[in-house]
1. Tell me, what is the FRET efficiency for residue 335 and residue 180 to the nearest 0.05, using R0 = 30 angstrom and their Cβ-Cβ distance as r?
2. Please report the projected area of the stretch 169-237's Cα convex hull averaged over all directions, in nm².
3. Taking the alpha carbon gyration tensor of the chain, what are the square roots of 5 times its eigenvalues, largest first, to the nearest whole Å?
4. Please report the projected area of the stretch 184-342's Cα convex hull averaged over all directions, in nm².
5. When the helix-only estimate is applied to the chain (DSSP H runs of n ≥ 4, each -39,500 (n - 2.57), divided by the residue count), what is the mean residue ellipticity at 222 nm, nearest 500 deg cm²/dmol?
6. With only alpha-carbon atoms in the gyration tensor, what are the semi-axes of the equivalent ellipsoid for the stretch 231-304, in Å, largest first?
7. Quick one: of the DSSP bridges fully inside the chain, what percent are antiparallel, nearest 5?
8. For residue 273 and residue 22 in the same chain, what is the full-extension length gain: residue separation times 0.36 nm, less their Cα-Cα distance, in nm?
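Every number in this text was worked out from the coordinates using simple rules, so none of it is lab data. Please read these numbers as outputs of a predicted model, since none were measured by experiment. Cβ sites come from the backbone with ideal geometry, for glycine too, and all protein chains shown count toward neighbours.
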């Protein structure tokens, strides 16, 4: 039996990874998770099926205990946006120093463990003008994208290590459980996106355990493939419709014009040719999202859609920035800063 450590196990991808590993007979599963209420609630149902190490990847002693005798580490734990931008010191402590702690603990015990790291499309920065992305493209985060900067630093640490490592740069990961977040206004509507379902992403990670030698010391773009591509405008329109909201009522000026990320992975087929994980298409995601919204909820959303949209727009950072077009925020979100737009 091979022991696999999963960090960030209480997240959407992590839970899918656990479910899939539990269906295998040749793995012992250990997770390293913060002992907070959220994580304890989500992992409670698995408490008899796996080993839970309640700890923090920023604490070296706890990390040493967690990685002991592990065949592989699937490292998902990270501080994500918008918290990563709001608390950059915390993001660096977890995303960079936490990763460093894992690497050092494995190297100090002279481990031959396989280290699978989940990076992000965010490291390629703003690709509005050049949406086709390949692994060898320059790694330049968007302005003030603290999350992407931590991912770049963590990748550099991993690539310099003596471990068997592989890096999966995840595209826009979408789940039918995803809720509306004001952060979605930060992406320009004309952005090209390649989504991947959480379950396909998790499946790729579990499959990777069977292809260690083939994947070792390589970096891959992990995306859903051709049938998972759309413009951000199309994607939001489809999702809002399934929630019972007419997306055309959302003002375009609530969205940023630049300084985000995403694009199409021109080489997403490379990883799929090894792991064969691309099973869902974007239409499958739309259908599952629709099934998550009960008809009564959709009815009331349609009835009160203008109020819902108004409340969402109030929380849009680009919308707020338009009120002060000479501000630093406005220069960050918009291509040109001229006269104040009419609201």
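1. Calculated value: 0.70.
2. 5.6
3. Ellipsoid semi-axes (Å, largest first): 35, 23, 20.
4. For the Cα atoms of the stretch 184-342, the hull's average projected area reads 11.4 nm².
5. After summing the helix terms and dividing by the residues of the chain, the value is -11000 deg cm²/dmol.
6. 29, 20, 7
7. Here the share of antiparallel DSSP bridges comes out near 10 percent.
8. Fully extending the segment from residue 273 to residue 22 adds 87.9 nm.
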